[in-house]
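Colleague: Next up is a structure, given as structure tokens.
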Amino acid sequence: MSEIFRQNSINLAVSSIAILCAYHFGFGGFLFWFGGLLVIPAVAIWFQFKFALGHFVLRLFVSTGPWLVLCFIGLYWASKTEHDGQRTMNMLFFEMPLYSVLAGIIFVTVWFLIKRLKNRR
């Protein structure tokens, strides 16, 4: 159990640092204008799920946790903006990865179930 906890903690730390650095250096803004915020989080969730250890729910939490924290903090921050146009753009900026996370969860769940069915045969 300690190996699973250690490996998942490392995965969470590395992915959280990578996400925060990408947003700090403006990579999120670049992806926003080219639609990458609708694709990159889903792909990252799939890779993170693939390398996480433990049962399905734990692996799903490890893969989606950093993205969900980023989105909810960003949405909370954006909701406090006073100017309507700026609030709308900021909300959209953090809603896009949230939709991608939802798509990633659906994709990973379907992929996991198909893989499990193939292994039973």
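Colleague: For the stretch 110-117, indicate whether the set of residues that are basic (Lys, Arg), modelled with pLDDT of 85 or more, closer than 25 Å to Glu3 by Cα and assigned to a helix (DSSP H, G or I) is non-empty.
Modeller: yes
Colleague: Looking only at the stretch 73-104, filter to residues that are touching a Ser or Thr at 6+ places or on another chain (Cβ under 6 Å) and not polar (S, T, N, Q); which one of those is most open to solvent (accessible area, probe 1.4 Å)?
Modeller: That would be Arg87.
Colleague: For residues that are without any contact (Cβ under 8 Å) to a residue 12 or more places away in the chain and hydroxyl-bearing (Ser, Thr, Tyr), tally how many sit in the stretch 56-95.
Modeller: 3
Colleague: Another question, then. Considering only residues that are touching a helix residue (DSSP H, G or I) at 6+ places or on another chain (Cβ under 7 Å), open to solvent by 50 Å² or more (accessible area, probe 1.4 Å) and free of Cβ contacts under 8 Å to residues at least 60 places away in the same chain, which ones fall in the stretch 39-55?
Modeller: Phe51, Leu53
The values are calculated or read from the model by the stated rules, or taken from the named source; none is laboratory data. Everything quoted here is computed from the prediction, not taken from an experiment. Counting neighbours? That spans all protein chains shown, and the Cβs are built from the backbone with ideal geometry, glycine included. When the accessible area is computed, the model is the full protein with side chains, heavy atoms only, and any ligands, DNA or RNA have been set aside. Shrake-Rupley method; radii C 1.70, N 1.55, O 1.52, S 1.80 Å.
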